[in-house]
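J.: Quick one: this structure, given as structure tokens, is what I'll be asking you about.
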């Protein structure tokens, strides 16, 4: 586990080390303020050992059924509640495609501000489980600083709040799913990926481009999708 | 109990009162339709009142599976009450809409909403968790259904758009203890048509989820109720989360269309003619035969594995399916999709203005009966029939009740009656309305489970359980000029394997000219009535996904997931341990409760007759169904058939006997009701002299 003390050491190591492991975005992304991170705010951040897996989504493929959200809430919390899902699908049913829908998943950031913001070490990098950034619910004091930190860079914050049991929620790639018999984590199964009826969520072990959205919002459509009459470009 | 939130909201619009009913009092009826019927029976003392009487009670009910991962059951809402659409009697009837309203209602803490009374001025109901507020709808009155929803989204959570800055966790001020959400409130609204108490006014939720049949939009209007909005952040308890997740994985792996590697593909260029998707269940298949003319995504109701609708770039046709997108527009798909949106915005029930609506009006125009110099004068632009101008004008008139719109807002059947045309046009088939004034859906002379179920009930049944298999499989192939992709015997085997408790009875699916009056067909109808009332309308598995008999994704047998899936999800969520057959028995109980309500409204077997054309005018076009001829199963073309009046009357005897009903009146008997533990219902029937 990377604890808070290790983070303080990391900060002492300086920004140079941080930038070394940095997956660069396109120059267009670098030039303008984009959703998610910018180069400027990354420079000041601390790198953590990279997660061994990441969720990728295809917002032009997603059918908006929210099965992923229901699966997420179910396997982690044992209950059904869209507010307790660590992946969020947000729809405006009256808007036109593709602006009618976004899927917002945790990015397992290379520079996890949620981890840095946690005062107790409850939100940490789990070195035993592929460096996934996850919350130890027992240690969480409910200060919500992780949510606020994520909210600074992501709309909406990918860390969620369990108001019933009072702890922060964030994607753990299904490492800790007490209500599902499958093994999760970077090498295992993820409930949202398993359930998605149109395969609009996948995992990768490659670090996505950290600046902007493009690294995480990808094209998962094959030629078969085109045969169904839907756009693949 | 798990799956239920434990309370049902009872709202009295007259006195602005809010009460709750304990769900446990009604859980024996499963959910949805069963609970709705039971509450209606208890709440409405005089069932013979007009649907527009403030004492009419409308229920919007969820299921224990609403808001959960149960496939296709996560977002549907059952609507019931006295409906103004059925003709000539305004039966107690039902409708249902998809989307996510029922899920949000449960997250807010309620298993349903019961609405009674009439507000003294336009009102909308704002529900955010335990807070239920009667809001002033003066500013919304007159708005179309889309604008109404956008205004309410703004009012409740300030997020009308989907722009990055509007993607937020809402309810932050109360979020620490009450929870937050990124979701918009789920709103069900009426348009101008409902406000004017149209008998074809619909309830609309989001872009294309509509409870159209029954005319409940008009009932909302009569109650001065513009919309109901719900936003919730509570959890639904699930008895066995692992079992629920594993069951959904089982569906995903075995029965869903795999878009990356489908086991049954469309034989032609899919993009230009997606008709075969009726068989493959591919994403976006609900737009039926019409090509995808612009970039779109498939779109599904909450927790749907099929995702049959689409959302398009222009928004035209978004979430509209089936008859909504074939309502009007000649051969131009774009105009079809535009017409669908117009009807959804007006909040007009699409089916009654579809081909048996506007085409009938056009036929009357050609006869010189309707028009500027016709017997019935109207300035409807018939010379523009087929173009957008005509449908725009027609919808505007219906919505505003202006000119001929005042007649048409009552529905085409009541308009035809007023014009003195009804009898002759139902007899000739110029007006194809076989049962209770509802449009002809599947052919009543051939695919008889559809009309038989409809005439024994209160509306066009709109239940596709057998229809995909015994009709669409041969019909689609024939239309495409292909040999049927599946053999009739294989399909009938798969259907008959699943129809517990009558499993193995293949004759139930022999739609040959003689067998449609047989005892086997009695069982076909009984099975469909019980299944629909329980698993489909109470547990609320979607009609377009359940039941599942012949499933090409499950090769090599192609056997579908019925009857295994239905109790599997129900038990995982609720922790009960009921069998498929238990569910069917509850369905029979609910069906008999409905039948008793209709008896109290005056139903008699003499009323259960089709329009004359069904008996007198032969079917003109090719129409395929399964039948057994000389010992062999075939896809039979029923072209040329009529229904035999006397044989149908004899079939009714057999059906009533099977149910234990009085064959003279068609009404339930005390004996049969007591067997179903409905003695209290028999008491009321006896008191009103209807048994």
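J.: Between residue B:263 and residue B:585, what is the label-to-label distance in nm when each label sits 7 Å out along the Cα-to-Cβ direction?
T.: 3.3
J.: Note down the Stokes-Einstein diffusion coefficient of the protein assembly as shown in µm²/s, whole number, using a Kirkwood radius over alpha carbon pairs, 10 °C, and 1.306 mPa s. Intermediate results must be reported in sequence, preceding the final value.
T.: On the way: Rh = 28.5 Å.
Estimated via Stokes-Einstein, D reaches 56 µm²/s.
J.: Next up: Between the stretch B:475-548 and the stretch A:75-129, how many Å separate their Cα centres?
T.: Going from one Cα centre to the other spans 44 Å.
J.: Need one word for the stretch B:42-159: rounded, prolate or oblate. Basis is the Cα gyration tensor (sqrt eigenvalues a ≥ b ≥ c); a/c below 1.5 gives rounded, then a/b vs b/c decides. Mind dumping the intermediate values first?
T.: Values: a/c = 1.78, a/b = 1.19, b/c = 1.50.
The shape class here is oblate.
J.: What is the average number of partner chain Cβ atoms found within 10 Å of a Cβ in B:64-74?
T.: 3
J.: Calculated FRET efficiency, residue B:384 and residue B:617, Cβ-Cβ r, R0 35 Å, to nearest 0.05?
T.: E between residue B:384 and residue B:617, to the nearest 0.05, is 0.70.
J.: Need the full-extension length gain, residue B:53 to residue B:555, defined as separation in residues times 0.36 nm minus the C-alpha distance. One decimal, nm. Walk me through the intermediate numbers first.
T.: Numbers: separation 502, 0.36 × 502 = 180.72 nm, distance 5.36 nm.
Result: 175.4 nm gained on full extension.
J.: Using a cut-off of under 19 Å, list every residue of the stretch B:94-128 whose amide N is near the label point 7 Å from the Cα of residue B:45 along the Cα-to-beta-carbon line.
T.: Within reach of a label on residue B:45: B:115-118.
J.: Suppose R0 equals 30 Å; then what is the FRET efficiency for residue B:478 and residue B:314 from their Cβ-Cβ distance, rounded to the nearest 0.05?
T.: 0.35
J.: Looking at the square roots a ≥ b ≥ c of the eigenvalues of the Cα gyration tensor of the stretch B:543-691, which shape do they give, rounded for a/c under 1.5, prolate if a/b is larger than b/c, or oblate?
T.: oblate
J.: Here's something else I'd like to know. Quantify how strongly other chains surround peptide B:301-307 by giving the mean number of their Cβ atoms within 10 Å of each of its Cβ atoms.
T.: 6
J.: Quick check on packing: order B:74-83, B:242-251 by the mean number of other C-beta atoms within 10 Å, highest mean leading.
T.: B:74-83, B:242-251
J.: Quick one: order A:193, A:132, B:188 by neighbouring beta-carbon count within 10 Å, fewest to most.
T.: Exposure proxy ranking, most exposed first: A:193, A:132, B:188.
J.: Then there is this: What order do you get for B:304, A:140, A:174 when you list them from fewest to most C-beta neighbours inside 10 Å?
T.: A:140, A:174, B:304
J.: Using alpha-carbon positions, what is the distance between the centroids of the stretch B:42-96 and the stretch B:428-466, in Å?
T.: Here the answer is 20 Å between Cα centres.
J.: Between residue B:674 and residue B:392, what length comes free when the chain is fully extended (0.36 nm per residue of separation minus the Cα-Cα distance, one decimal in nm)?
T.: 96.2 nm
J.: To the nearest whole number, what is the average tally of beta carbon atoms from other chains within 10 Å of the beta carbons of peptide A:163-171?
T.: Mean shielding by partner chains, rounded to a whole number: 2.
J.: Counting alpha carbon pairs within less than 8 Å and at least 6 residues apart, what relative contact order, in whole percent, applies to chain B?
T.: It comes to 14 percent, rounded to a whole number.
J.: Where a ≥ b ≥ c are the square roots of the eigenvalues of the C-alpha gyration tensor, would you call chain B rounded, which needs a/c under 1.5, or, failing that, prolate if a/b is larger than b/c, or oblate?
T.: rounded
J.: Quickly work out the residue B:24-to-residue A:232 label distance, labels modelled 7 Å from Cα along the C-beta direction, and quote it in nm with one decimal.
T.: In this crude label model, residue A:232 to residue B:24 measures out at 5.6 nm.
J.: Here is a follow-up. Quick one: length gained pulling residue B:658 to residue B:133 fully straight, 0.36 nm per residue minus the C-alpha distance?
T.: Details: separation 525, 0.36 × 525 = 189.00 nm, distance 4.83 nm.
Additional length available on full extension: 184.2 nm.
J.: Measure out, as a whole number of angstrom, how far apart the alpha-carbon centroids of the stretch B:606-671 and the stretch B:295-310 sit.
T.: 36
J.: Within the stretch B:561-597, whose backbone N sits under 19 Å from a point 7 Å along Cα→Cβ of residue B:250?
T.: Taking a point 7 Å out along Cα→Cβ of residue B:250, the residues of the stretch B:561-597 whose backbone N falls under 19 Å are B:561-584.
J.: So for the stretch B:241-428, what are the equivalent ellipsoid semi-axes in whole Å, largest first, each being the square root of 5 times an eigenvalue of the Cα gyration tensor? All intermediate terms of the calculation are to be shown ahead of the outcome.
T.: Numbers: eigenvalues 312, 58, 46 Å².
Over the Cα atoms of the stretch B:241-428, the ellipsoid semi-axes are 39, 17, 15 Å.
J.: Now, a different point. Can you compute the modelled spin-label distance between residue B:120 and residue B:577, with each label point 7 Å from Cα toward Cβ, in nm?
T.: Between residue B:120 and residue B:577, the simple spin-label model gives 5.6 nm.
FYI, it's all coordinate maths here, none of it is from the lab. Please read these numbers as outputs of a predicted model, since none were measured by experiment. Ideal geometry is used to build each Cβ from the backbone, glycine not excepted, and the neighbour counts take in all protein chains shown.
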